[in-house]
DNA sequence: CCGTATCCTCTGCGATACTG
DNA sequence: CAGTATCGCAGAGGATACGG
């Protein structure tokens, strides 16, 4: 993740925070509540554990995502959106609905997300 | 620009369309109306003409941006947002205001955009 | 079940120079 | 002023294996 030293526009800062192949979909999947790593890994088609973890860590660096860790075996963690993350989510919801409309106009009938 | 063959989420499609270091700022700058290439090049700090053109072309491929070309010398073109582009813009406005709020909370007093 | 370390590939970005 | 062509590099993304 490349956060620049200097921004001329607030938009760019937020955008850099969520730039990355899987960031937006991770946030999207966390919209309904806490998720374990394994659950995310299973739900997000095409991702592998390493990339998931890397993106989650970057999202945590930006305070978009946080996690709870529970001691004991089997290990258990819960990733979830912070309040800041939920604000970001509200922007993504706009894109989600634009995308849905776009796909429908293109004749796609896939049932997605 | 990497548009995938298959999407499980409409959000990802829209996101891939505007992924790229300069895409969102270009759209942002076009929010107030038509702009020549030279004007964009001057206004967007740090970009060079080649990258600007490449990103504009990709945005045109996705029908987010369109342009008018006027014959004669000196050459003149006008890049502008399509209706689809304006929808995308409405999502970016959310990030802009989140970013502004975030920077203010961080103690930044810069006057941006 | 969570998380880290290595290694490798591919492409986004950028510097530079050139054409109409 | 608008647009194209080359070339190089850093870093994002991914396969795989290992450790707590």
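Taken together, the values in this text are just the output of simple stated rules run on the coordinates, not laboratory data. The structure displayed is predicted, hence computed values, not measured ones. Neighbour counts are summed over all protein chains in view; Cβ atoms, including those assigned to glycine, are modelled from backbone coordinates with ideal geometry.
Mind listing the Cα extents of chain A along all three principal axes, in Å, largest one first?
That works out to 50, 41, 24 Å along the principal axes.
I need the P(r) histogram for the protein assembly as shown: all alpha carbon pairs, bin width 5 Å from 0 out to the longest distance, whole percents.
1, 6, 14, 17, 18, 15, 12, 8, 4, 2, 1, 1, 0, 0, 0
Ranked from highest to lowest mean number of other Cβ atoms within 10 Å per residue, what is the order of the peptides B:101-107, B:69-75?
B:101-107, B:69-75
Using only helices, what value at 222 nm comes out for the protein assembly as shown when you add -39,500 (n - 2.57) per DSSP H run of length 4 or more and divide by the total residues, to the nearest 500 deg cm²/dmol?
Only helices count here, giving -16000 deg cm²/dmol.
Please report, for residue A:77, the nm distances (one decimal) from its label point, 7 Å out from Cα along the beta-carbon direction, to the equivalent points in the remaining copies, shortest first.
Distances between equivalent label points, in nm: 4.6.
Quick one: label points 7 angstrom along Cα→Cβ at residue A:21, distances to the other copies in nm, smallest first?
Label point to label point, same position, other copies: 2.0 nm.
Using the 7 Å Cα-to-Cβ label point, sort the distances from residue A:32 to its equivalents in the other copies shortest first and give them in nm to one decimal.
4.3
With the cut-off at 1.5 for a/c, could you classify region A:4-59 from its C-alpha gyration tensor as rounded, prolate or oblate?
Because a/c hits 1.5 or more and a/b exceeds b/c, region A:4-59 counts as prolate.
Taking neighbour Cβ counts within 10 Å as the exposure measure, how do B:42, A:67 sort from fewest upward?
Placing the least packed residue first, the sequence is B:42, A:67.
Using the basic label-point model (7 angstrom from Cα toward the beta carbon), what is the residue B:78 to residue A:3 distance in nanometres?
Placing both labels 7 Å along Cα→Cβ, they lie 4.1 nm apart.
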